[in-house]
Amino acid sequence: MTVLHVVGARPNFMKAAPVYRALAQRGVTQVLVHTGQHYDAQMSDVFFQALEIPAPDESLNVGSGSHAQQTAAIMSKFEPVLLARKPDVVLVYGDVNSTVAAALVCAKLGVKIGHVEAGLRSFDRTMPEEINRLVTDQLADILFTPSTDGDENLAREGVAREKIFFVGNVMIDTLIHFLPKADALYPALQQELSLQNFGLVTLHRPSNVDEAGTFLPMLKVLDELSRDLPLIFPVHPRTRDKWTQELNKCNPNLRTIAPQGYLEFLALQKNASVVVTDSGGIQEETSYLGTPCLTLRENTERPITITLGTNVLIGRDWNLLRSEFTKALNGNRKRGSELPFWDGHASDRIAEVLLR
Ligand code: UD1
């Protein structure tokens, strides 16, 4: 059996890494395709090194563009690779443009698709990722879900039950595998960044960072909160390119730094008193680690992080943000409980399904 993996953007790398490892352990022939959706060393290369993923067999180098341009570029560059490599199954990950683009190419050529992290729904179609999720899941032949809400969403959309496999969370496989390494590097990172008590911030979603009317009030509240607890803010290129001047005007307790590598960011999440974010994956990682997570979104496609994890949806309610932030500081915070199948073996389950 030959399995071809398609990855393209930062959150794909930590999902593909453990599946690649699980299949390698079982002697499966694999091909790794990197679309190049993310291309800065800090957004891509450093993850391949830290996650111990081999260099891609094929790099499509598509780069940035509008959604249509990027999706179309991936499709036209991926098609000849797929025809040449003739895999038995293609695995796509998560909900980024590379995911849906590769799935469309496979579906048109009749190549089997496995979707890892299937079934998640925010029910918000203004979010580009929701469109990517809906389309990819309609096209996929094998759907691997991280939580049972995913199974229910898929069944409701008419996906046959026998195509759906609840396997657990592959990103947590990676977290569990690399946590000892992240712990080992934390003292050096702590010294380098002079960290005592701190909070961690990430913001990159277009709905938060593209418009001044949305982003600047958000930044003002974070600037205010950082006077109570210093905040470390690794800035995504999308946010940095747009708001460098405004970020530089904040008080020194709101400290912007470059995007971090996987191990460094994991260590920061584990040791932060609170995380404020609009990321999807960080809601999950903080839930596993037991770090309070305040999500600056109106909805989440990962509801289990609210019911069983440490996540609180803040939307744009700044009073709620202030009160949840203070609660986290006082130790009066939401505590998570165990999440089913977030146990480090989701990738093994995927490998076993594929071999069957
Ligand atoms: C993409 C995903 C999003 C995911 C995020 C993680 C889609 C629709 N969105 O969003 O789900 O949460 O990745 O980071 O697929 N840029 C660089 N260097 C890079 C990559 C991007 O400077 O290596 C800049 C460019 O200005 C680019 C912008 O970031 O136009 C946005 O990049 P893009 O890949 O379109 O989307 P993300 O916002 O990163």
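The values are calculated or read from the model by the stated rules, or taken from the named source; none is laboratory data. Quick caveat, the model's predicted, so the values are computed rather than measured. Please note: Cβ atoms are built from the backbone with ideal geometry, for glycine as well, and neighbour counts cover all protein chains shown. Side chains included, ligands, DNA and RNA excluded: accessible areas come from the protein's heavy atoms. Shrake-Rupley method; radii C 1.70, N 1.55, O 1.52, S 1.80 Å.
Of all residues in segment 130-143, exactly one satisfies the criterion of being within 12 Å of the ligand (Cβ to nearest atom), touching a residue at least 40 places away in the same chain (Cβ under 8 Å) and surrounded by fewer than 20 Cβ atoms within 10 Å (Cβ to Cβ), namely Glu130. Can you name the residue in segment 9-38 that is within 16 Å of the ligand (Cβ to nearest atom) and basic (Lys, Arg) and, of all such residues, is least open to solvent (accessible area, probe 1.4 Å)? The residue in question is Lys15. Check whether at least one residue in segment 177-186 is within 17 Å of the chain's Cα centre (by Cα), within 16 Å of the ligand (Cβ to nearest atom) and open to solvent by less than 60 Å² (accessible area, probe 1.4 Å), and report yes or no. No: zero hits. Can you work out which of the residues in segment 41-62 that are within 25 Å of Pro80 (Cα to Cα) and within 12 Å of the ligand (Cβ to nearest atom) is least open to solvent (accessible area, probe 1.4 Å)? Within segment 41-62, the match that is least open to solvent (accessible area, probe 1.4 Å) is Ser44.
Residues in segment 206-216 that are open to solvent by 30 Å² or more (accessible area, probe 1.4 Å) and either of a type in the set (Lys, Arg) or under 21 Å from the mean Cα position of the chain (by Cα) (or both): Pro206, Ser207, Asp210. Residues in segment 110-129 that are away from the ligand (no atom under 12 Å from the Cβ) and within 14 Å of the chain's Cα centre (by Cα): 2 in all. When residues in segment 217-249 are screened for being outside any helix (DSSP H, G or I), open to solvent by 50 Å² or more (accessible area, probe 1.4 Å) and either among the β-branched types (Val, Ile, Thr) or in the same structural domain as Gln42 (by TED's automatic domain parsing) (or both), 0 of them pass. Checking Leu189, Leu254, Leu200, Leu195 one by one, the residue that is away from the ligand (no atom under 16 Å from the Cβ), touching a strand residue (DSSP E or B) at 6+ places or on another chain (Cβ under 6 Å) and either open to solvent by less than 20 Å² (accessible area, probe 1.4 Å) or of a type in the set (Val, Ile, Thr) (or both) is Leu254 and no other.
Scan segment 137-166 residue by residue and report those that are more than 19 Å from Pro303 (Cβ to Cβ) and not aromatic (Phe, Trp, Tyr).
Matches in segment 137-166: Gln138, Leu139, Ala140, Asp141, Ile142, Gly158, Ala160, Arg161, Glu162, Lys163.
Identify, please: which residue in segment 311-329 is part of a loop (DSSP other than H, G, I, E, B) and touching a Leu at 6+ places or on another chain (Cβ under 8 Å) and is, among those, surrounded by the fewest Cβ atoms within 10 Å (Cβ to Cβ)? So, considering only residues that are part of a loop (DSSP other than H, G, I, E, B) and touching a Leu at 6+ places or on another chain (Cβ under 8 Å), the one surrounded by the fewest Cβ atoms within 10 Å (Cβ to Cβ) is Gly315.
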